[in-house]
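A short worksheet on the structure shown next.
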Amino acid sequence: MRSSTSASALLHPPTCSSRLPPLRIFVGLRWPAPRFLVRERAGAVVGVINGTTGCSLRLGVPALTVCRSHQRAAVIRNEHVQNADLPRKYSKREKKPFPIPVLELRRRAKERMKAAQGKPKRPLPPPKNGMLVRRLIPVAYKVYNARILLINNLRKLMKVVPVKGCKYCSEIHVGSVGHPFRTCRGMMSDQRRGEHDWGSTLVEAVFLPVEAYHIEDRLGKHIPHEQRFAVPRIPALVELCIQAGVDLPEYPTKRRRKPIIKIGKNEFVDADEDDLPEPEPDKFKQTLLDELHFDEIIAPSTPEETAALAEETLEAWETVRDGALKLMKGYAVRVCGYCPEVHVGPTGHKARNCGAFKHQQRNGQHGWQAAVLDDLIPPRYVWHMPESGEELQRELKTFYGQAPAVVEICIQGGANVPEKYKGTMRLDIGIPSSLKEAEMVI
């Protein structure tokens, strides 16, 4: 007759000192890693690892492998996601999603209308009333100068850190030799079986110059289709800085000293400013930097100078992106949902120059929607080179990470890796030394 003694009665209860270290080794986490909570259920203990969004793991282990006095907590925290996915690339036949869903926008509009019932209308805040947002004027000057500094430093770094560009498509690679991945979709790519034809490139391929129309009055009339060639086009980031308060003599813009007077839903008149005294010198005005000419660009001569220049360039990159995000929260920026056209202003222009998918049905008109930071400053992701210096292998593509081109250039120049980019660079993944070793990875 088989004994009815349970398996748990035959095992000795473990001690805390003997069982907790194996559990931590089994989980496979470093101590500053995502949160790990231990809960007990019937016959087993469930461990739940909670990190940031999209990073969670549920483990089930026998109840006897965890000490009862430590079932409540072992908290491990991590502020950054490991091995994060890159931003999704949308098809040319697919419309970009709205940053805020349409249903959420309608719900917020209904709440505002309901809250405003029976109350007097509030005056329009800047910049809707034609005035500048005073607290954003220093930010605009800082972003403008940081952009110039970023371009000048990139031209110096690219003389030391090699950057390759494909002759038939827009692909770039930071390294002495281009990557071997067959991702070319340019002219005659079928004859080359998708392989790139690498050559030299310029700074415009690294820091993409997104252009927009310059408008002298952001509250004025729309740019009609007939004037699409008469209105100058400048970098969209420069146009955003001009509308936020940067004064450039070559690009004049209207500055109001009094709020506008609304006489209709879409009609207004300017207030009389004759009774105002002479304007005083702007206390926010700062000295503007200029782009260096090609003969003025001098490459760093020592590794120490290169590392310092890379750190300065990376700081300028973060200043541009953080400052542009602050400006976009105050000044509206629009982007076409079908093509990369950007317009800085409350509403988009009327030029019918959209050539994206099914533009014939829209008569070339753009589908304007709110822009995000990557529409104004595209990050331009490239493959991250391993720290060992080995060339990339086509068979090990899934083990490599990516980073923005500016960040990759600075890292190869000697700058420290910022925490926010470690997730997409996959620094904690071991790269197999051969294809046979890669096939053994589960």
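The values are calculated or read from the model by the stated rules, or taken from the named source; none is laboratory data. For clarity, every value in this text was computed on a predicted model and none was experimentally measured. Positions of Cβ are backbone-derived with ideal geometry, glycine not excepted, and every protein chain shown enters the neighbour counts. For accessibility, only protein heavy atoms count, side chains too; no ligands or nucleic acids. Shrake-Rupley method; radii C 1.70, N 1.55, O 1.52, S 1.80 Å.
Can you work out which of the residues in the stretch 237-289 that are over 23 Å from residue 222 (Cβ atoms) and in contact with a Phe, Trp or Tyr (Cβ under 6 Å, 6 or more places away or on another chain) is modelled with the highest pLDDT? The extreme case among them is 246. Residue pairs whose Cβ atoms lie under 8 Å apart, sitting 6 or more positions apart in sequence or on different chains, and linking a residue in the stretch 375-397 that is farther than 18 Å from residue 83 by Cα and of a type in the set (D, E, K, R) to a partner that is open to solvent by 80 Å² or more (accessible area, probe 1.4 Å) and outside any loop (DSSP other than H, G, I, E, B), are 395/435. If only residues of the stretch 148-193 that are assigned to a strand (DSSP E or B) and without any contact (Cβ under 8 Å) to a residue 40 or more places away in the chain are counted, the one that is farthest from residue 287 (Cα to Cα) is 166. For the stretch 279-297, indicate whether the set of residues that are in contact (Cβ under 8 Å) with a residue 60 or more places away in the chain, open to solvent by less than 30 Å² (accessible area, probe 1.4 Å) and more than 30 Å from residue 156 (Cα to Cα) is non-empty. The answer is no, given that none of the residues of the stretch 279-297 is in contact (Cβ under 8 Å) with a residue 60 or more places away in the chain, open to solvent by less than 30 Å² (accessible area, probe 1.4 Å) and more than 30 Å from residue 156 (Cα to Cα). Answer yes or no: is there a residue in the stretch 380-392 that is open to solvent by less than 10 Å² (accessible area, probe 1.4 Å), in contact with a Pro (Cβ under 9 Å, 6 or more places away or on another chain) and among the β-branched types (Val, Ile, Thr). Yes, the conditions are met somewhere in the stretch 380-392.
Which residues, counting only those in the stretch 173-193, are among the hydroxyl-bearing types (Ser, Thr, Tyr) and within 24 Å of residue 401 (Cα to Cα)?
Within the stretch 173-193, 176, 183 qualify.
Among the residues of the stretch 212-235, is any closer than 20 Å to residue 318 by Cα and either exposed (fewer than 14 other Cβ atoms within 10 Å of the Cβ) or modelled with pLDDT of 95 or more (or both)? Yes - at least one qualifying residue is present in the stretch 212-235.
All conditions but one from (1) closer than 19 Å to residue 86 by Cβ; (2) open to solvent by less than 20 Å² (accessible area, probe 1.4 Å) apply to residue 415; the one that does not is (1).
Of all the residues in the stretch 244-267, those that are surrounded by fewer than 16 Cβ atoms within 10 Å (Cβ to Cβ) and not in a loop (DSSP other than H, G, I, E, B) number 4.
Pairing each residue of the stretch 413-439 that is on the phi > 0 side of the Ramachandran plot with any residue that is open to solvent by less than 70 Å² (accessible area, probe 1.4 Å), provided the two are 6+ apart or on different chains, yields C-beta distances under 6 Å for 414/306; 414/307; 414/310; 426/83; 426/401.
Mind telling me which of the residues 302, 313 ends up being open to solvent by less than 60 Å² (accessible area, probe 1.4 Å) and touching a Gly at 6+ places or on another chain (Cβ under 8 Å)?
On the way: 302 fails: touching a Gly at 6+ places or on another chain (Cβ under 8 Å).
Of the residues listed, the single one that is open to solvent by less than 60 Å² (accessible area, probe 1.4 Å) and touching a Gly at 6+ places or on another chain (Cβ under 8 Å) is 313.
Within the stretch 418-434, the set of residues being among the basic types (Lys, Arg) and either surrounded by fewer than 17 Cβ atoms within 10 Å (Cβ to Cβ) or assigned to a helix (DSSP H, G or I) (or both) comprises 420, 422.
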